[in-house]
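Undergrad: Dumping the structure here so I can ask a few things about it.
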Amino acid sequence: QVQLVESGGGLVQPGGSLRLSCAASGSIFSIGTMGWYRQAPGKQRELVASMTSGGATDYADAVKGRFTISRDNAKDTVSLQMNSLKPEDTAIYYCKMFVTATGGGWYDEREYWGQGTRVTVSS
C-alpha cells in the first residue's frame with residue numbers, strides 16, 4: 001500500500017509565499033512523474049505543475065514565474081514553492097505521483113493522490 005501525505009497549506013496574504021510538500025510512503029519500487037493539482041470552489045481540478053523522473057517540468061500558464069516544483073528522489077517527496085501568491089490561487093492543492101509498488105516479486109504501477117491541503121490567499 002502506498003500513501004501520499006501533504007503538508008504546508010494555510011492562510012497567506014496576497015504577495016506572500018507558501019511551500020507545499022508531499023511525501024510518499026509504502027512498498028515503493030520507483031516513482032515516475034510527480035505533480036501538483038488544484039481545485040478551486042466551483043471549478044474543475046487543474047494541473048499546476050509536474051516534474052518527470054528525468055527532471056522535465058511543466059507549469060500552468062497562470063503560475064509560471066511564481067511557482068517552482070522540485071523533487072527529492074531519495075526521500076520520495078515533491079514540493080511546490082509558491083511565491084507572489086494571488087487570491088485566485090486559493091484552492092485545495094493535491095499532489096499526484098505515478099508509483100510502482102512492489103512486494104513478493106510483483107510490481108504494480110498506478111497513480112496515487114494525496115488527501116489535499118487548503119491554500120487561502122486573502123488579506
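The values are calculated or read from the model by the stated rules, or taken from the named source; none is laboratory data. Model, not experiment: these values are computed from the prediction. Don't worry about glycine lacking a Cβ; one is built from the backbone with ideal geometry, like all the others, and counts go over all protein chains shown. These accessible areas exclude ligands, DNA and RNA; they are computed on the full protein's heavy atoms, side chains included. Shrake-Rupley method; radii C 1.70, N 1.55, O 1.52, S 1.80 Å.
Undergrad: Go through (1) in a loop (DSSP other than H, G, I, E, B); (2) loosely packed, with under 14 Cβ neighbours inside 10 Å and name the single condition Glu109 misses.
TA: (1)
Undergrad: Say whether the condition of being within 20 Å of Thr120 (Cα to Cα) and either touching a Lys or Arg at 6+ places or on another chain (Cβ under 8 Å) or not aromatic (Phe, Trp, Tyr) (or both) is met by at least one residue in the range 24-32.
TA: Within the range 24-32, not a single residue is within 20 Å of Thr120 (Cα to Cα) and either touching a Lys or Arg at 6+ places or on another chain (Cβ under 8 Å) or not aromatic (Phe, Trp, Tyr) (or both).
Undergrad: State all residues of the range 112-123 that are part of a loop (DSSP other than H, G, I, E, B) and surrounded by fewer than 16 Cβ atoms within 10 Å (Cβ to Cβ); if no residue qualifies, say none.
TA: Across the range 112-123, the qualifying residues are Gln115, Ser122, Ser123.
Undergrad: Select from the range 40-63 the residues that are farther than 17 Å from Ser79 by Cβ and of a type outside the set (S, T, N, Q) and list them in ascending order.
TA: Within the range 40-63, Ala40, Pro41, Gly42, Lys43, Arg45, Glu46, Gly54, Asp61, Ala62 qualify.
Undergrad: Collect the residues in the range 1-21 that are of a type in the set (Val, Ile, Thr) and closer than 16 Å to Ile31 by Cα, keeping them in residue-number order.
TA: Those that are of a type in the set (Val, Ile, Thr) and closer than 16 Å to Ile31 by Cα: Val2, Val5.
Undergrad: Of these, Lys96, Lys75, Lys86, which one is of a type in the set (D, E, K, R), in contact with an Asp or Glu (Cβ under 8 Å, 6 or more places away or on another chain) and in contact (Cβ under 8 Å) with a residue 12 or more places away in the chain?
TA: When all the criteria are applied, what remains is Lys96.
Undergrad: Still on this structure, I have one more. Among the residues of the range 86-106 satisfying the criterion of being more than 14 Å from Ser30 (Cα to Cα) and open to solvent by 50 Å² or more (accessible area, probe 1.4 Å), which is modelled with the lowest pLDDT?
TA: Going through the qualifying residues, I end up with Gly104.
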